[in-house]
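Have a look at the structure below before the remarks.
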Amino acid sequence: MIEDGLDLVRPLLGSLPPQWQTVLALPLLVAALLLIANLVAKSAPALDHIVRPVVAAATSATGLLLLVPEYLVTVVIRRAGRRPPAALHLYDDGVEGLVGLGMRASRTGLSGLTTDRRLRRLLVVVVVGATLVVSNGSSCADASTPSCRKPVASWWEQTTRLVSDDEKPPAVKHKPAKNSKPTKATAK
């Protein structure tokens, strides 16, 4: 994923030399990801009106599907003239608890996560950081080429190479000392 993002960002840097494109592409990608994540976080209250009913419906449907096996087993046991074991009631209670938790989550929605500015900033940084770490870690996962370099490592190498080439200290030539007079320390 990170390679795809870098491919999208590089054309924006087309007027720069290729080595500078490589150095500036990753910071520009991180800035774009931060901007997109911040826009999504700020638009969460608007998305909340769509997400809440969907989560509530999905929770109800999942609860019903999870109760179908319990219902079928209970029907078979009752037709046999026996009483269902207590374990089936525990299963039923567990599913009911999960559905209740899902319904509470759907009532809370996304707006609770995005009303606090500090929490929203933390969420944005965590999401972007996790995205970069995971996509960088999985970039050479197939190992089809033994010389595959992870994008962040390649960026760091190119950046240090470029910075060290541009800022070479001037060569300082030491003038030979004129006949130095021996001191007491050097005379011994």
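Just a few scattered comments:
- GLY102 sits among other residues whose Cβ lies under 12 Å from its own Cβ, and their net charge, with Lys and Arg +1 and Asp and Glu -1, is +2.
- Relative packing of 121-134, 69-82, which averages over residues the other C-beta atoms within 10 Å, highest first: 121-134, 69-82
- Computed on the Cα atoms alone, the convex hull of region 12-68 gives a volume of 123 cubic angstrom per residue.
Bear in mind these aren't lab numbers, they're just calculated from the coordinates by the rules spelled out. Predicted, not measured: the structure shown is a model, and the values here were computed from it. Glycine gets a Cβ as well: all are built from the backbone with ideal geometry, and neighbour counts include every protein chain shown.
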